[in-house]
Structures are given as C-alpha cells and as structure tokens.
Amino acid sequence: MMTLSKETLTIQREPDVIYFRNKAKEYAVKIGMSMVGQTKLITAASELVRNMLRYANGGEAVLEIVIRNNIKGVRLTFADKGPGIKDVKQAMQDGFSTGRSLGLGLPGAKRLSNEFDIKSEVGKGTTVTIIRWKNGL
Amino acid sequence: MDKIPILKMGEFLLVTIQVDLYDRLALALENDLINMVSKTEARGVLIDISAVSIVDSFMGRILGNIASMSKIMDAETVVVGMQPAVAITLVELGLTLTGVHTALDVEKGMELLRNKIGYLPKEEEDLYDDII
Ligand SMILES: Nc1ncnc2c1ncn2[C@@H]1O[C@H](COP(=O)(O)OP(=O)(O)O)[C@@H](O)[C@H]1O
Ligand SMILES: [Mg+2]
C-alpha cells in the first residue's frame with residue numbers, strides 16, 4: 001500500500017467534527033467514491049472523531065489517499081493520548097457505552113468501513129484506523 | 001445560524017434542517033421542539049432532513065428523543081426526505097429510529113400524520129419505513 005496524499009488535522013473542539021467530516025468527503029469525492037460509499041465513510045469518521053473528543057479530549061486525525069493493487073481508497077487515522085480502553089472487545093460490542101449513549105460508534109464504524117483497526121492501551125491512548133476503497137461495498 | 005426555526009402549521013410543527021447540525025445546535029433543537037409540542041399541544045412533528053447528508057448515532061439519538069418525548073405528549077414524529085444513502089448507512093451503523101415514522105416528503109408526511117391522529121382512519125403502514 002502506498003500513500004498518495006496526506007493531511008493531519010488537530011481535533012480539539014466540537015466544530016472540528018464538521019470540518020473534518022467535510023475534509024473526508026472531499027477526499028472521497030476526489031477518488032470518485034460513490035455517494036453511498038462517501039456517506040458510510042463520513043458517518044464512520046463522525047463517530048470516531050466524536051469519540052476522540054468525548055473520551056480523550058481530542059487528538060489528531062489523519063486523512064490519506066492510499067493505493068493498493070491499483071485501487072484507490074481513503075484511509076483515516078484517529079489517534080489520541082486519552083485514557084485508553086480497558087476492554088476493547090467489550091467496547092466493540094453493539095450497545096456498550098460508558099458515556100450513556102447508544103454504544104454504536106465503534107462497532108458501527110467497523111461495519112461502515114472496508115478495513116478497521118483499533119489499538120488501545122490504558123493510560124497511553126487509542127488509535128483507530130479505517131479504510132474505504134473506491135469501489136468497496 | 002444559532003437556532004433552527006420551528007413552523008407551526010395547524011396542529012403540526014414543521015422543522016426544516018438546512019445544514020448538517022453541530023451538536024449544540026442539534027441539542028437546542030431537541031429542547032425547543034419538545035417545549036413547543038408542550039406549549040402548542042401539537043399533535044404531530046415533521047422534521048425535514050432532505051438537506052442533511054449524514055445522520056450519525058448522535059443525531060439519531062436526538063431524533064429518537066424528540067419522538068419519544070413527543071409521544072408522551074401525544075404527538076407523533078415523522079422524519080421526511082431522508083436521502084437514500086443516509087438510510088442505507090443508518091442500517092449498517094445499526095441504528096433503529098424507534099418511534100420515528102418516515103415519509104418521502106413533507107406532503108406525504110402530513111398525510112401520514114393525519115392518518116396517525118385519526119383524521120382519515122385508513123392505512124397504518126408508514127410510507128417509507130421498509131427502507132430503514
Ligand atoms: N478514543 C477513545 N478513548 C477512550 N475510550 C473510548 C474511545 N472511543 C471509545 N471509547 C470507549 O468505548 C465505548 C464505546 O464507544 P462507542 O461504540 O463509540 O459508543 P458510545 O460513544 O455511544 O459510548 C465508549 O463508551 C468508551 O468507553
Ligand atoms: Mg461513540
């Protein structure tokens with residue numbers, strides 16, 4: 001996999017969520033992703049950026065256009081230095097929430113992405129990476 | 001814009017969301033709508049989201065809250081004009097908008113509301129519900 005372009009944004013405040021979403025959409029449009037693909041990507045991004053703000057007081061979001069086997073995709077990385085997640089498996093379950101919300105952000109973002117990776121260490125922080133390919137289902 | 005206007009149309013309230021809402025605005029709308037339903041004793045709430053390009057779990061929860069609070073005050077809630085891509089995405093996200101009815105446009109939404117509150121006791125089915 002190769003990175004064709006890359007941009008890093010700092011997420012600190014609520015309006016950054018919308019700004020980031022718009023940026024992600026721009027990237028998706030640039031590689032010719034379908035409307036449904038774009039919407040899935042942006043929705044996943046919205047969940048993950050919101051988690052970063054809510055549970056880790058913000059962090060960094062990286063936007064990339066990547067290419068693999070001649071197919072382009074958008075990769076988004078959300079990295080924070082927050083409290084980390086004690087039990088990632090539990091956090092990935094539908095309906096699990098320590099924030100008294102719906103508990104759909106992480107599992108939903110996974111379903112909406114073509115590739116999903118989460119790494120978290122208590123006391124160190126959390127990094128979530130997702131990819132949606134141009135022609136991904 | 002720091003407030004979304006709520007229009008009163010007879011027994012119904014109509015809200016047209018023109019932009020993607022940031023959280024504070026969405027929460028304010030939830031509050032304002034619930035207050036308005038209580039004050040005006042409206043029987044129905046129509047929320048037009050045709051200009052909304054994304055509904056995430058936060059926005060979904062707000063729509064659900066509006067519907068359940070309105071229901072307590074005897075008003076039904078209809079979300080109209082949801083873009084197909086948004087509807088497809090909601091399913092995969094895993095979000096079910098409990099208590100929220102859906103319709104293609106404002107006109108169909110009004111018709112649905114009238115049926116619900118018993119103007120024309122006709123069909124019970126929602127017009128767009130099977131997509132969600
Ligand atoms: N970046 C993060 N840092 C720390 N904890 C997190 C982070 N993201 C998610 N979590 C934890 O995982 C849980 C599940 O997250 P999510 O699926 O988005 O649902 P919700 O946000 O509704 O709780 C959260 O309640 C929180 O405990
Ligand atoms: Mg969340």
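Quick note: the coordinates plus some simple rules give every number you see, no bench work behind them. Quick caveat: nothing in here was measured; it's all calculated off a predicted structure. Positions of Cβ are generated from backbone atoms using ideal geometry, with glycine treated the same way; all protein chains shown enter the neighbour counts.
Computed quantities for the displayed model
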item	result
Per-selection Kirkwood Rh - segment A:1-60 (Cα, Å, 1 d.p.)	12.1
Fraction in percent of alpha-carbon pairs per bin - 10 Å, segment B:15-83	21, 58, 21, 0
Links that overshoot a 24 Å alpha carbon limit, given the list A:Lys110/B:Lys108; A:Lys25/A:Lys89; A:Lys86/A:Lys134; A:Lys86/A:Lys110; A:Lys6/B:Lys3	A:Lys110/B:Lys108; A:Lys25/A:Lys89; A:Lys86/A:Lys134; A:Lys6/B:Lys3
Estimated dipole of chain B in Debye, rounded to 20 [Cβ of Lys and Arg +1, of Asp and Glu -1, Cα centre]	400
Gaussian network model of chain B, springs between alpha carbon atoms under 10 Å - residue of B:Glu107, B:Glu11, B:Glu41 with greatest fluctuation	B:Glu107
Overall dimensions of segment B:6-131 by Cα: Rg and Dmax, Å	13.4, 39
Computed over chain B: relative contact order in percent, which uses C-alpha pairs under 8 Å that are six or more apart	22
Per-residue HN-Hα couplings for segment B:24-39 [Karplus 6.51, -1.76, 1.60; θ = phi - 60°; Hz; x = Gly/Pro]	5, 5, 5, 5, 5, 5, 4, 4, 4, 5, 5, 4, 5, 4, 5, 5
Filtered trypsin sites (Lys or Arg not before Pro), segment A:71-129: DSSP coil and at most 13 other beta carbons within 10 Å	A:Lys86, A:Arg100, A:Lys124
Where N is the number of residues in the protein assembly as shown, Cα Rg divided by 2.2 N^0.38 Å	1.06
Relative contact order (%) - segment A:2-133, alpha-carbon pairs under 8 angstrom, separation at least six	27
Rg/Rg_ref, segment A:2-133, where Rg_ref = 2.2 N^0.38 Å and atoms are Cα	0.99
Segment A:5-22-segment B:30-60 distance, computed between alpha-carbon centres (Å)	27
Residues of type aspartates and glutamates that B:Lys71 reaches as a straight line, Cα spacing below 12 Å, ignoring anything fewer than 8 places off in the same chain	B:Glu41
Virtual paramagnetic centre 7 Å along Cα→Cβ of B:Ser50, amide N under 13 Å, in segment B:67-110	B:80-84, B:103-110
